[in-house]
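Each remark here refers to the structure printed beneath this line.
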Amino acid sequence: MAARIDRLVTSGTFSLDGGTWEVDNNVWIVGDDSEALVIDAAHDAEAILAALDGRTLRAIVCTHAHDDHIDAAPALAAATGARILLHPDDHALWKLTHPDHTPDGDLADGQVLTIAGVDLTVLHTPGHAPGAVCLHAPALGTVFSGDTLFRGGPGATGRSFSDFPTIIGSIREKLLTLPPETVVRTGHGDPTTIGEEAPHLEEWLSRGH
């Protein structure tokens, strides 16, 4: 059975720097009928388990460690035995949400994760968070961008642990080099493509340097 991408939208809150906001998050599930990995275990472990529909969960991949992207990760790991993977530069952020639970493994730039015969390459894209990553799956024609790139521009950089010039550099070096037809599956909101975003990003890029 060929690999596919399933999208689940979960709702909860994002809290940082003393503020809390209501958010809807995309949880991306990549796999086939027997195995899968979850990209960002947001808010609702039970809903994610239901969406897995009995498939073996091989890993929980965190695009970054803001609480709305990782709040359900330990519960989902406990229910499935899956390992939680996070870039080590985001361990400080992780500890703000889960001080008594550590991720099971590190993500690194260039690392390849394989699920259902499909390779996903880890792209370290700091800026929104120090350990932010995207996952590029050429065979599926997509990149999972977390909160690094959205329809209409880059992720937010106005809070702790973030930096605007850094995210602009990440987008320029790691994302705009992908084929223009690459579908960008974001951490919030609707997908877009690299080709659709490239013209709009020229203004943002000029602000970054």
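Nothing in this text is a laboratory measurement; each read-out follows from the coordinates by a stated rule. Computed from a prediction, not measured in an experiment: that's the story for all the values here. FYI the Cβ positions are ideal-geometry reconstructions off the backbone, even for glycines, and counts take in every protein chain you see.
Would you grab the residues whose amide H sits under 5 Å from the one on GLY155? Only those 5+ places off in sequence or on another chain, please, with H modelled 1.01 Å from N.
Correct list: LEU149, PHE150.
Would you calculate the separation in nanometres between label points at THR13 and LYS95, each defined as 7 Å from the Cα along the Cα-to-beta-carbon direction?
According to this spin-label approximation, the distance is 2.4 nm.
With runs of 4+ DSSP H residues as the only contributors, calculate the mean residue ellipticity of the chain at 222 nm using -39,500 (n - 2.57) per run, divided by the residue total and rounded to the nearest 500. Intermediate results must be reported in sequence, preceding the final value.
Numbers: 6 runs with 49 residues, N = 209.
Helices in the chain give a 222 nm mean residue ellipticity of -6500 deg cm²/dmol.
Tell me, what ³J(HN,Hα) does each residue in the range 14-21 have, in order and in whole Hz, if you take phi through Karplus 6.51 cos²θ - 1.76 cosθ + 1.60 with θ = phi - 60° and put x for Gly and Pro?
In residue order, the calculated couplings are 10, 10, 6, 6, x, x, 9, 9 Hz.
Just grab the label-to-label distance for ASP53 and ASP6, each label 7 Å out from Cα along the Cβ direction, in nm (one decimal).
Roughly 0.6 nm, to one decimal.
Tell me, what is the percent relative contact order of the chain, built from C-alpha pairs under 8 Å that lie six or more residues apart?
On the way: 491 pairs, mean separation 31.0, N = 209.
It rounds to 15 percent for the chain.
Dipole size in debye (nearest 20) for the chain around its Cα centre, Lys and Arg Cβ +1, Asp and Glu Cβ -1?
Values: 12 positive and 30 negative charges, 56 e Å.
Computed about the Cα centre, the dipole is about 280 debye.
Long-range amide H contacts for ASP71: which residues qualify at under 5 Å (H placed 1.01 Å from N, peptide plane, sequence gap of 5 or more or a different chain)?
Answer set, sorted by chain and number: HIS43.
Calculate I(q)/I(0) for the range 4-208 by the Debye formula, one identical point scatterer on each C-alpha and no solvent, and give its log10 at q = 0.11, 0.14, 0.15, 0.19 Å⁻¹ to two decimals.
-0.45, -0.74, -0.86, -1.44
Using the Karplus curve 6.51 cos²θ - 1.76 cosθ + 1.60 with θ = phi - 60°, work out ³J(HN,Hα) for each residue of the range 128-134 in order, rounded to whole Hz, and write x for Gly and Pro.
Each residue of the range 128-134 in turn: 5, 8, x, x, 4, 9, 10 Hz.
Identify, among SER170, PRO130, GLY187, the residue whose Cα sits farthest towards the positive end of the charge dipole of the range 4-208, taking +1 on the Cβ of Lys and Arg and -1 on the Cβ of Asp and Glu, with the dipole about the Cα centre.
Projecting each Cα onto the dipole axis, the largest value belongs to SER170.
Applying the Karplus parametrisation 6.51 cos²θ - 1.76 cosθ + 1.60 with θ = phi - 60° to the phi angles of the range 187-199, what ³J(HN,Hα) value in whole Hz is obtained for each residue in order, glycine and proline being reported as x?
x, 9, x, 7, x, 9, 10, 4, x, 5, 7, 4, x
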